[in-house]
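First up is the structure itself, then whatever we jot down about it.
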Amino acid sequence: MTYINDNYLKLNAGYLFVEIARRVKQFSDENPSAKIIRLGIGDVTEPLGPAVIQAMHAAVDEMAVRSSFRGYGPEQGYDFLREAIAKNDYRSRGIDIDADEIFVSDGSKCDVANILDVFGANNVVAVQDPVYPVYVDTNVMAGHTGPADASGRYGGLVYLPATAENNFVPELPRQRVDLIYLCYPNNPTGMVATKEMLKRWVDYARENGSIILYDAAYEAYITDPSIPHSIFEIEGAREVALEFRSFSKTAGFTGVRCAFTVIPKGLKAKTQDGREAAIHPLWNRRHCTKFNGVSYPVQRGAEAIYSPEGKRQTRETIEFYLTNARLVREALTKLGIQAYGGINAPYVWLKTPGGLSSWDFFDKLLHEAHLVGTPGSGFGTCGEGYFRLSAFNSRANVEEATHRFAKIT
Ligand SMILES: *Cc1c(COP(=O)(O)O)cnc(C)c1O
């Protein structure tokens, strides 16, 4: 018989969102009249902006005519989009990133997973706890970990706790690590990293020959002008970091699919026999071999986000979600519930009242207030006793939800 990849069997079975769906279904089957409001899912709810729609329509029309029809595009993305990204996301902030250091893709989730292709299997990997599960699960699938222990932690990974006790600022690892996943603004905690925090990580990476995998999917939600939008705002980061960005949460592209990864040409690691090797050509080779580019209408839609109207429309939608987040946060705080995040991110991370476990609070919220959120423990051991509420919903639902919070205190 043929062999499977046994590493898949190490994955924790009860996938978080499957278990949530099961509990919600059971409750609504038993209580068919309950009007459930979902503040659980990390998906946008507002439609695409008119500038994006117009650009995509125009691109589809081009595809309908022989003279302007396009087949395969460049695997790395069309120049018009890579230039727009370099100019608006980087050079406008004084960051030195060239268009050919930008690789356009169909999503950050895929990029986060695929990046492991170009790194050796013997690297020591550090993740924050709580964490976006994709970082952990892709390392498990790639065989970079041992089995999970009773608490769900995998052998071989270095976990960096981020809790209220350390103000959600994880300490630098005590041991040397090779790859470090950082996500700011953070999913699930909604917390941000200051320049000083990121500089400590960049300094650590430079001293230890490590590489930082920086996930900035929620960069557009930063409202505090002192908070960096990119790891490359930190001096010296070009030699030790790469960055994932996505149009998913920035411009409602979760169903459209477009993202990009920035790999500076100066980013280097080493071969198994100790010679220096740049990451950029490896990622380029991977991208060209395993990927055939994002569709032309989608890239035109993404380009339109950087037009003056596109920027204004995107901003308005983000402000809308941020107002939702503020309403949720304020309502919780008023009830004496400790709430974090929600200022520079679409997520509010709360400490469960009365010391309830994350799942007990989930059930209480569902049964007593008909609200659905995400148990913090689903994001890691250190998420136990916390709970995530998302701001992706209609204003009416968010306002209704804030009134219902009172039922659980
Ligand atoms: C939503 C999200 C992404 C974006 O994923 P896409 O595949 O681009 O939709 C990346 N990282 C984190 C932490 C996210 O929450």
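The values are calculated or read from the model by the stated rules, or taken from the named source; none is laboratory data. Worth saying up front: this structure is predicted, and the values here are computed from it rather than measured. Neighbour counts run over all protein chains shown; Cβ positions are idealised from the backbone, glycine included.
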Given (1) on the phi > 0 side of the Ramachandran plot; (2) within 16 Å of the ligand (Cβ to nearest atom), where does Asn139 come up short, assuming only one miss?
(1)
Just the residues that are crowded, with 18+ Cβ neighbours inside 10 Å and either within 16 Å of the ligand (Cβ to nearest atom) or outside any loop (DSSP other than H, G, I, E, B) (or both), please, taken from region 143-159.
Tyr154, Tyr159
Tabulated pairs, region 97-110, first outside the structural domain of Asn292 (by TED's automatic domain parsing), second aromatic (Phe, Trp, Tyr) and more than 13 Å from the ligand (Cβ to nearest atom), C-beta under 7 angstrom, 6+ apart or interchain:
none
Region 54-91, residues that are part of a loop (DSSP other than H, G, I, E, B) and among the acidic types (Asp, Glu)
Glu75
Answer yes or no as to whether Arg66 is surrounded by fewer than 18 Cβ atoms within 10 Å (Cβ to Cβ) and touching a residue at least 12 places away in the same chain (Cβ under 8 Å).
no
With the requirement that a residue be farther than 12 Å from Gln76 by Cα and within 8 Å of the ligand (Cβ to nearest atom), what does region 102-116 give you?
Gly107, Ser108, Lys109, Cys110, Asp111, Val112
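So that you can scan it fast, the table gives a plain yes or no per residue for (1) crowded, with 18+ Cβ neighbours inside 10 Å; (2) farther than 29 Å from Asn12 by Cα:
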position	(1), (2)
Asn324	yes, yes
Gly336	no, yes
Thr352	yes, no
Leu356	no, no
Which residue pairs have Cβ atoms under 6 Å apart, sit 6 or more places apart or on different chains, and have a first residue in region 112-136 that is without any contact (Cβ under 8 Å) to a residue 40 or more places away in the chain and a second that is more than 16 Å from the ligand (Cβ to nearest atom)?
Leu116/Ala142
Name the residue that is farthest from the chain's Cα centre (by Cα), counting only residues in region 100-142 that are part of a loop (DSSP other than H, G, I, E, B) and closer than 23 Å to Ala277 by Cα.
Asn122
Test result for Ala269, surrounded by 17 or more Cβ atoms within 10 Å (Cβ to Cβ), among the aliphatic types (A, V, I, L, M) and away from the ligand (no atom under 16 Å from the Cβ)
yes
Any idea which of (1) touching a strand residue (DSSP E or B) at 6+ places or on another chain (Cβ under 7 Å); (2) outside the structural domain of Glu243 (by TED's automatic domain parsing) is the one Ser28 doesn't satisfy?
(1)
